[in-house]
Amino acid sequence: MDSATSETRTPLGASADNGLKIVVVGGFGAGKTTMVRSVSEIRPLNTEETMTQAGETVDDISEVRGKTSTTVAFDFGRITLDARNVLYLFGAPGQERFWFLWDRLFSGTLGAVVLVDTRRIDDSWYAIDRLEKHGTPFIVACNDFGGPAFTPQQIREALDLDPHVPLVTCDARSRESSKLVLITLVEHIQNLYAAPTRIPRQELV
Amino acid sequence: MSRPGRDDSPDRLYTLTGGRSRSGPDNPFDLVTLVVAECDPVPGMQSEHVAILRMTDRPTAVVEIAAELGLPVSIVRILLADLLAAGRVSARHPRTAAVPDPDILEQVLVGLRNL
């Protein structure tokens, strides 16, 4: 049963006991996998989740046949923070069908990075809208593809971005740059929860 | 790379879990719950259970188990619930709260800055 992939696995320390989640959301080709890879201590892995339209109660094969199901694939990487805390970084597609699975996969997530390709700013609008609805803290990171430079104000306007949401530019290929994006996100989360008036509304679903 | 599960017929996946396709709302396993084996595999055990027990001799997240087995997360959660009920694995669930613990956030920041 031992496979080549198992032999190359990098196990966590025995005392690891708290998994944390940060999600990188972005359109096709925005650089999600690149960002996950540049900071992950493991080769990014890929897995999937499915959901039948019938919802949670289906537990019998006869009920499942003929029902349409939604399958989404996502990548993830891992950063060991200390002896107990392990951060998992998920690269998630921003497309509409994905949001059906958001709660199941990413409930309890610390926050999200919306990774924007400035050549396709409109791809990110839907993700931002959904994150606001879910009350998930997020920042926006523009992955620099060397395209035409927009001013931060132009990007904010194009995304209709709330003024308190941090907007940064990054190079997803760079470990240092991606690290700074994550630090910006966590500092933003700290500020949100430190300032009671800015606690995001938690949507009751 | 061969991906068992992904390209297989759904029937095979349901066979793995005795016909169950969906982990119920009471299934405690989060994507990042860390799973630890509490026993060695024994002869006659379902091969997926054997693979999970081997993989979790050190803490391993549910999502890593799913990726290594090439199975959807929901199927892996069912397999894990069976192993947990039988006392063969233990689970270290994420300490999540509606408002994140400031100490945890600080630990995350320190960990990121030290990368």
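The values are calculated or read from the model by the stated rules, or taken from the named source; none is laboratory data. Remember, predicted model here, so these are calculated numbers, not experimental data. Quick reminder, even Gly has a Cβ in these numbers, built from the backbone with ideal geometry, and neighbours come from all protein chains shown.
Taken over the stretch A:116-146, the residue count meeting the criterion of being closer than 15 Å to A:G26 by Cβ and among the small types (G, A, S) is 3. Identification of helices (runs of 4 or more DSSP H) wholly contained in the stretch B:50-115 with 2 or more residues that are under 13 Å from B:L34 (Cα atoms) yields B:62-69, B:73-85. Just one of (1) at pLDDT 90 or above; (2) of a type in the set (F, W, Y); (3) over 14 Å from the mean Cα position of the chain (by Cα) fails for B:Y14. It is (1).
For the stretch A:99-121, a tally of residues being in contact (Cβ under 8 Å) with a residue 60 or more places away in the chain and either among the β-branched types (V, I, T) or surrounded by fewer than 17 Cβ atoms within 10 Å (Cβ to Cβ) (or both) returns 6. Residues in the stretch A:122-150 that are free of Cβ contacts under 8 Å to residues at least 40 places away in the same chain and surrounded by 21 or more Cβ atoms within 10 Å (Cβ to Cβ): A:I128, A:V140, A:C142. Candidates are the residues of the stretch A:168-205 that are among the β-branched types (V, I, T) and assigned to a helix (DSSP H, G or I); the one that is modelled with the lowest pLDDT is A:T197. Take the residues in the stretch A:106-135 that are within 13 Å of chain B (Cβ to nearest Cβ) and not in a helix (DSSP H, G or I); name whichever of them is farthest from A:I189 (Cα to Cα). This residue is A:S107.
Which of the residues belonging to the stretch A:14-39 are surrounded by fewer than 22 Cβ atoms within 10 Å (Cβ to Cβ), assigned to a loop (DSSP other than H, G, I, E, B) and modelled with pLDDT of 95 or more? Of everything in the stretch A:14-39, those that are surrounded by fewer than 22 Cβ atoms within 10 Å (Cβ to Cβ), assigned to a loop (DSSP other than H, G, I, E, B) and modelled with pLDDT of 95 or more turn out to be A:A14, A:S15, A:D17. Just one residue in the set B:V110, B:V89, B:V62 is out of contact with any helix residue (DSSP H, G or I) (no Cβ under 9 Å at 6 or more places or on another chain) and either β-branched (V, I, T) or crowded, with 20+ Cβ neighbours inside 10 Å (or both); that residue is B:V110.
Filtered by the rule that a residue be of a type outside the set (D, E, K, R) and either within 9 Å of chain B (Cβ to nearest Cβ) or under 17 Å from B:P59 (Cβ atoms) (or both), the stretch A:75-96 gives A:F76, A:G77, A:I79, A:T80, A:L81, A:A83, A:N85, A:V86, A:L87, A:Y88, A:F90.
Determine, yes or no, whether B:V36 is at pLDDT 90 or above, surrounded by fewer than 22 Cβ atoms within 10 Å (Cβ to Cβ) and in a strand (DSSP E or B).
In short, yes.
Considering only the stretch B:65-115, state which residues are facing chain A (nearest Cβ under 10 Å), touching a Pro at 6+ places or on another chain (Cβ under 9 Å), within 20 Å of B:V42 (Cα to Cα) and without any contact (Cβ under 8 Å) to a residue 60 or more places away in the chain. Matches in the stretch B:65-115: none.
Farther than 17 Å from B:P72 by Cα, over 14 Å from the mean Cα position of the chain (by Cα) and at pLDDT below 95 - does that describe any residue in the stretch B:21-30? Checked against the condition, which is being farther than 17 Å from B:P72 by Cα, over 14 Å from the mean Cα position of the chain (by Cα) and at pLDDT below 95, the stretch B:21-30 yields at least one hit.
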